[in-house]
Every structure is written in structure tokens, then in C-alpha cells.
Amino acid sequence: MMAVPLPLLVLPVAACAFFVGVGLWVICSHFLTIDIPATISHPARLRVFHCLFQMLMTWGTILEKLRICSMPQFVRFMHDLLPLRKDPDVVVTDLRYGTIAVRLYQPKASSCTLRPGIVFYHGGGGIIGSLNTHHGICCRLCKRSDSVVLSVGYRRVPHHKYPVLVRDCIAATIHFLRSLKMYSVDPARVVVCGDSAGGAAAAIVCQKLVDSPYLPKIRAQILIYAALQSLDFQTPSYQQNKNVPLLTLSFAFRCWCGYLDISPSWKSTVMKGAHLPAEVWEKYRKWIGVENIPERFKRGCQLMPREPVNEDAYLETNITLDLMNSPLLAEDEVVSRLPEACIVSCEHDILRDHSLLYKKRLEDLGVPVTWHHMEDGFHGVLSTIDLGCLYFPCSSKIMNAVVHFLKGL
């Protein structure tokens with residue numbers, strides 16, 4: 001009998017030890033120390049969910065250091081291993097609009113009238129997230145609102161950085177708007193919708209297409225815990241929720257650097273507000289200043305003085321002022337002509353104040369806003385709607401609110 005070479009015996013043992021070691025490190029450093037607010041339902045479930053996510057991130061980071069694959073690619077690969085939800089009442093078709101992957105969801109039942117259309121942009125900070133991670137959400141939107149849903153698989157980090165995400169979303173939306181007859185979609189009832197970075201894409205698409213005379217007008221925008229500005233990391237929600245899963249401050253900053261191709265070495269400067277000059281902060285204070293946030297959301301927060309500008313940091317980070325990154329900074333003349341909005345915010349979300357500030361801007365300029373605030377919500381909770389034992393009831397509340405809004409259009 002041939003002896004098995006020692007290296008072939010050692011490698012599996014080493015691999016197992018590696019994965020177990022990473023798991024133990026994540027449990028020790030995250031499971032017992034992460035900040036779980038008292039109003040979160042199923043706190044132990046969130047701890048487990050966060051640890052699983054951190055394990056994927058840690059394994060991905062190690063593989064990236066070994067130059068085997070990038071962290072985002074590994075995390076997306078693992079996410080996409082989950083089986084896709086199948087619904088016999090929904091017809092799902094994978095397509096390509098040029099180089100952009102899209103997925104079309106159509107109700108199986110025939111209809112004698114044109115249906116509403118929803119263009120959906122998934123979240124993930126331009127780093128994680130995919131057509132697959134948000135497949136269940138799109139299936140439910142299609143079935144429950146009796147709408148045709150187009151999910152946009154925009155290109156992501158590491159191979160595609162700013163502004164590819166937004167450009168892909170704009171291009172796919174234009175293609176869909178020009179093809180409504182093919183999909184039996186009512187041109188008067190097309191809605192854009194997204195969560196997190198996808199919510200930002202929805203807001204930007206609305207702003208970019210508001211003056212397009214040869215395209216059907218967007219009927220409404222649905223922004224679910226959207227990332228709407230990328231310059232200020234000192235608002236109350238950043239202070240209150242910096243260690244709350246699933247989007248901690250450290251991971252938010254990692255996404256920010258990865259998508260905008262900014263060096264992580266500027267973290268301390270950015271957190272102190274020293275990456276932008278005083279005149280820039282003053283210019284946008286009327287829209288992003290803390291005085292625009294209702295008092296009940298400021299508990300336990302301190303107004304932190306901004307340090308003098310670091311000119312080198314400003315030269316490398318002023319891309320954050322681009323409206324393709326910060327739709328919250330659009331001029332009044334643009335914002336006042338946007339379609340009505342449904343805004344969903346979560347209390348325990350680092351990006352909560354983005355929604356509150358955009359809501360105020362829209363309302364101040366006469367744009368109708370339907371606002372749903374989830375007191376027990378956290379960033380990314382909607383994605384748990386099909387995760388079985390990791391399901392959070394808040395995800396169904398968000399889905400119900402969105403469907404109710406859609407049916408009222």
C-alpha cells in the first residue's frame with residue numbers, strides 16, 4: 001500500500017486549524033463585544049449574524065493578503081453559494097444590457113392592463129451585494145405589488161470603482177425605460193428603488209434623468225437606508241451607531257475607501273473633518289448641518305469641532321463632493337423637481353441621518369415624502385427576509401411599507 005506524502009496530510013489539518021482559528025478570533029473579538037442596542041429584537045441572532053459576516057470578511061482579507069483573491073470577491077462568492085428562492089408565480093430571466101448584467105422579474109399571470117415597473121439597485125457599498133443577495137427581495141416586490149422588476153447587477157470593486165456603479169445604474173435604467181413596451185410596463189408608473197448604496201443610486205438616477213425629455217418620467221423613488229452623502233462622518237447617527245452591526249464605522253470607511261479609491265491612511269483626518277476646508281463645510285451646512293436633524297435623534301451626541309484642513313487630504317478626497325457620490329448636495333433647482341419619495345430609515349443605522357436630512361430637503365422644497373422609521377431596525381436588515389433562522393421581523397415591516405406605497409401610486 002502506497003504511503004500518503006506528509007504534505008498531503010498536513011495541508012488539510014492546517015486548513016482546518018486556520019478556519020477554526022479565524023472563527024475563534026471572530027467570536028472573541030466580536031460576539032461578546034459588539035454593541036447590540038436594547039430595542040433590537042433577537043439580539044443573540046444579530047450577534048451570530050454579525051459574527052458570520054465578520055468571519056467571511058476576515059477570511060477574505062487573509063486571502064487578499066496572500067494574493068489568492070480579493071476580499072470582496074471572496075465574500076460575494078460565498079454569498080452567491082446560497083440557494084435562490086423560487087416562486088412559481090414569478091418568471092425570472094437573466095439578461096445583459098450591453099456589459100451590464102440585469103435580472104428581470106415578471107408576474108406569471110397574464111394581465112389585460114400594463115403593469116408598474118420597478119428598477120431595483122442592490123446595496124453593498126459597491127463592494128459586496130449582488131443580483132443573488134437581493135433575489136428574494138425582488139421576487140417579493142414583483143409578486144406582492146404585481147409589478148415588473150428589473151434588478152441591476154452593476155459592476156463593483158475591486159475591478160470597477162467610482163463612478164462605474166452609478167453609470168451602470170443610469171445606463172440600465174435608460175435601457176429599461178426605452179423597452180417598457182416590450183415588458184408591458186406602464187410608462188406612467190416606473191419607480192426606482194434601492195437599499196444602502198443602491199438607495200444612493202436610485203436618488204442619483206432620479207436627479208440625472210429629471211431633465212430627460214425623450215424618456216418616461218420616473219414616478220417615484222424608494223430609498224431604503226440610503227447612503228446619500230459621503231463627506232461627513234460626524235453626524236449623530238455615526239456617533240451613536242459606530243459599533244452597531246451590520247454596518248460599523250470601520251466597515252463603512254472601508255467601503256468608502258474601496259469605492260472611491262482613497263487611501264485608508266486618511267481615516268483619522270477624515271473622521272476629524274479635516275479633509276475639507278472650512279468654506280466647504282459652511283457652504284453645505286444649510287443642508288447637512290446637525291441643526292437639520294430632529295432633536296430626538298441627537299441624544300448623547302457632542303458637536304465636534306472640525307480641525308483645520310489638511311490640503312493633501314483635500315486634494316485626494318474632494319471627489320466626495322461630486323453629486324454622483326453625494327446626491328444630498330444637489331441644488332434646490334434639481335431637488336424641487338424630483339418625484340415623490342418613500343424613505344425608510346432605521347434607528348440603529350450609521351446612515352440614519354442621511355435619510356433624515358434628505359427627507360427634510362425634499363419636504364422643504366415641496367416634494368411629497370412618505371417616511372417610515374424602524375425603531376428596531378439596523379442597516380441591512382431587509383436582506384434577512386429570506387434567511388430563515390437569521391430572519392428579523394423588521395425586514396417584513398419594511399417590505400410591507402414599500403409594497404403599500406407602490407400600490408398607492
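Quick notes on this one:
- Out of 321, 365, one residue alone is surrounded by fewer than 19 Cβ atoms within 10 Å (Cβ to Cβ) and under 25 Å from residue 260 (Cβ atoms). It is 321.
- Candidate set: the stretch 76-92, residues that are under 22 Å from the mean Cα position of the chain (by Cα) and in a loop (DSSP other than H, G, I, E, B); chosen: the one surrounded by the most Cβ atoms within 10 Å (Cβ to Cβ): 85
- Pairing residues of the stretch 77-101 that are charged (D, E, K, R) with residues that are surrounded by fewer than 13 Cβ atoms within 10 Å (Cβ to Cβ), at Cβ distances under 8 Å and at least 6 apart in sequence or on separate chains, gives 89/108; 89/109.
- Any chance residue 212 is of a type in the set (Ser, Thr, Tyr), surrounded by fewer than 21 Cβ atoms within 10 Å (Cβ to Cβ) and within 21 Å of residue 324 (Cα to Cα): yes
- Just one residue in the set 95, 104 is surrounded by 15 or more Cβ atoms within 10 Å (Cβ to Cβ) and not in a loop (DSSP other than H, G, I, E, B); that residue is 104.
- Where a residue in the stretch 312-334 is under 16 Å from residue 203 (Cβ atoms) and its partner, wherever it lies, is part of a helix (DSSP H, G or I) and of a type in the set (S, T, N, Q), with Cβ under 8 Å and at least six apart: 323/207; 326/320; 327/207; 330/207; 334/207
- Taking first residues from the stretch 258-280 that are over 8 Å from residue 317 (Cβ atoms) and partners that are aliphatic (A, V, I, L, M) and crowded, with 17+ Cβ neighbours inside 10 Å, the Cβ contacts under 6 Å between residues at least 6 apart in sequence or on separate chains come to 258/127; 258/157; 259/157; 269/313; 274/309; 277/309.
- Filtered residues of the stretch 331-362 (kept if small (Gly, Ala, Ser) and crowded, with 20+ Cβ neighbours inside 10 Å): 341, 345, 355
- Note on the stretch 314-409: enclosed helices (runs of 4 or more DSSP H) holding 2 or more residues that are under 21 Å from the mean Cα position of the chain (by Cα) are 352-364, 393-407.
- Within the stretch 107-129, the only residue that satisfies the criterion of being under 13 Å from residue 147 (Cβ atoms), of a type in the set (Gly, Ala, Ser) and surrounded by 15 or more Cβ atoms within 10 Å (Cβ to Cβ) is 117.
For (1) more than 27 Å from residue 385 (Cα to Cα); (2) hydroxyl-bearing (Ser, Thr, Tyr); (3) in contact with a strand residue (DSSP E or B) (Cβ under 9 Å, 6 or more places away or on another chain), each residue gets a yes or a no:
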| position | (1), (2), (3) |
| --- | --- |
| 134 | no, no, yes |
| 142 | no, no, yes |
| 147 | no, yes, yes |
| 163 | yes, no, no |
| 181 | yes, no, yes |
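- Qualifying residue in the stretch 301-318 (condition: surrounded by fewer than 17 Cβ atoms within 10 Å (Cβ to Cβ) and in contact with a Cys (Cβ under 6 Å, 6 or more places away or on another chain)): no
- Residue match in the stretch 349-362 (condition: of a type in the set (Phe, Trp, Tyr), closer than 23 Å to residue 236 by Cβ and assigned by TED's automatic domain parsing to the domain that holds residue 162): yes
- Residues (among the aliphatic types (A, V, I, L, M) and farther than 18 Å from residue 294 by Cα) located in the stretch 321-371: 321, 323, 324, 329, 330, 334, 335, 338, 341, 367
- Within the stretch 261-305, the set of residues being of a type in the set (Val, Ile, Thr) and assigned to a loop (DSSP other than H, G, I, E, B) comprises 262, 293.
- When the stretch 95-151 is filtered for residues that are on the phi < 0 side of the Ramachandran plot, touching a Pro at 6+ places or on another chain (Cβ under 9 Å) and not small (Gly, Ala, Ser), the ones remaining, listed by number, are 108, 114, 115, 127, 128, 142, 143, 148.
To keep it simple, each residue is scored yes or no on (1) closer than 15 Å to residue 165 by Cα; (2) among the polar types (S, T, N, Q); (3) more than 20 Å from the chain's Cα centre (by Cα).
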{"site": "107", "(1), (2), (3)": "no, no, yes"}
{"site": "114", "(1), (2), (3)": "no, no, yes"}
{"site": "122", "(1), (2), (3)": "yes, no, no"}
{"site": "127", "(1), (2), (3)": "yes, no, no"}
{"site": "133", "(1), (2), (3)": "no, yes, no"}
{"site": "136", "(1), (2), (3)": "no, no, no"}
{"site": "139", "(1), (2), (3)": "no, no, no"}
{"site": "143", "(1), (2), (3)": "no, no, yes"}
{"site": "146", "(1), (2), (3)": "no, no, yes"}
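- The number of residues in the stretch 142-163 that are aliphatic (A, V, I, L, M) and out of contact with any helix residue (DSSP H, G or I) (no Cβ under 9 Å at 6 or more places or on another chain) comes to 0.
The values are calculated or read from the model by the stated rules, or taken from the named source; none is laboratory data. This one's a predicted model, so the numbers in the text were calculated from it and none came from an experiment. Reconstructed Cβ throughout: ideal geometry from the backbone, glycine too, with neighbour counts over all protein chains shown.
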